[in-house]
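Note sheet for the following structure.
The values are calculated or read from the model by the stated rules, or taken from the named source; none is laboratory data. Because the structure is a prediction, the values reported are computed rather than measured. FYI the Cβ positions are ideal-geometry reconstructions off the backbone, even for glycines, and counts take in every protein chain you see. Just the protein is used for accessible areas: all its heavy atoms, side chains included, with ligands, DNA and RNA removed. Shrake-Rupley method; radii C 1.70, N 1.55, O 1.52, S 1.80 Å.
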Amino acid sequence: MPAPAPSPAPVPSLAPIVDCIQDAPLGSVTSRTVVLGYRSSAAAAVQVPAGAGGNDIAPGAADRGQPSTFLPGEHHGVWLLTLDAAVEPVVTWTLDGVKATIDASIASCTDATAVTLSAPATVADGGRAGITAVVSRFLLGPPEAGSVEFSVDGAAPTVVPVATGGVARVDLPAPAVGDHTVTAKFVPADGATFRPSTATAALTVAPASGPLTIAADSVVAGSRSVLVTVTRPNPVGPATAVFATSDGTATAGTDYRATTGTVTFADGQSSATATVPLLARGAGAPASRFFVVLTSASVPIAAGVATVSLPAVSAVPATATVGTATSGGSAAGPSSALPEGDPTTPTAVPAGALGQDILLMLGALLVTAGGIAGVIGLVRAVRSRDAFS
């Protein structure tokens, strides 16, 4: 039975970079300062302890203060290593299995350059990517001659001269949807002693933002404004949209205030809002509606009209007029604060009726207290009242 094929060796995600060296003779000793960096193809930070086997300096002490946290991308001038060039003329930094040799053949820091690349991580399909490269030297000022070649995935470069401060900028059209690599390479001017250098950055091209939709919140009685929200499903790149109100059965100036404006999306922002003021509506106003319309946008529009529904306003209920209490009454109303005809209003009672009422009250008391005797008393009391009538 044939032996299984060996598994492929893992591809290193880290690589050390020796940027430059600077020798300084100090009598019988030559102090060598080494500027180092690294390159990481990992998508997130990688931890490799110094001197633990995967991040070592040799010969001598494996831990010389080198970094142990490595961020994605290419990084220059991260740390300095000081050596005695006579004692350690050749030193090796091994990182994730990749070796970088440090010796006298390394470029002097007066001539070595580094490129710092600034590029957006994501752009929308059909958009453009503004990219900036800054060329620097480690011990002296930046070069202000030469050029930077910008390219995407190794395609034909766009060449931009280096300006003051070592800066070069370019605005490139977005390539196809997907992941890409942007490279900026510094090319020294003819006759210069500068060393070339490069930097790379990842660029993702996403489907174009949009399409936009607009919707309005519900309106309840008494609301003085309504919030409208514009959303997009793919929040890639900046975007803008212009909106305006439009009459339906509700009219501007009577039911709401005519409003126009622009909502703005930043890269990564999926929604933006605007407010339309509502006006006080008269009692008995019927239910009505108006519209908020996306009139234009920098990206496609899917649903460009939001309906704002205003509820009916109920009529104000009639309130009864209550008379004002005055001494002896007046044309403004009766003297009592009670309504006219109220049974508790004090009125004159005839004497005869008053006597009859007293007899009835006495009879009722007899019923309560004395059973049959009370009934007899009640009958007598009624006959007595009739006799007075």
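Some points to look at:
- Within region 181-268, antiparallel bridges make up roughly 95 percent of the DSSP beta bridges whose residues both belong there.
- Rolling a 1.4 Å probe over the protein heavy atoms gives region 90-129 an accessible area of 42 Å² per residue.
- Cα gyration tensor category, rounded, prolate or oblate, for region 94-191 with a/c compared to 1.5: oblate
- ³J(HN,Hα) computed for each position of region 139-146 - Karplus, 6.51 cos²θ - 1.76 cosθ + 1.60, integer Hz, glycine/proline x: 10, 10, x, x, x, 10, 9, x
- The H on the amide N of W79, modeled in the peptide plane, is under 5 Å from the matching H of L36, each at least 5 residues off or on a different chain.
- Region 192-270 - percent of accessible surface contributed by carbon and sulfur, probe 1.4 Å: 55 percent
- Fraction of accessible area attributable to carbon and sulfur, region 27-110 (%, probe 1.4 Å): 57 percent
- Reduced Cα scattering model of region 11-124, Debye log10 I(q)/I(0), q = 0.10, 0.12, 0.14, 0.22 Å⁻¹: -0.32, -0.45, -0.59, -1.25
- Relative contact order computed over region 1-132 (Cα-Cα under 8 Å; 6+ residues apart), in percent: 27 percent
- Rough spin-label spacing in nm, given labels placed 7 Å along Cα→Cβ, for V316 and A104: 10.2 nm
- As an equivalent ellipsoid, region 182-237 spans semi-axes of 55, 14, 7 angstrom, where each value is the square root of five times an eigenvalue of the C-alpha gyration tensor, largest first.
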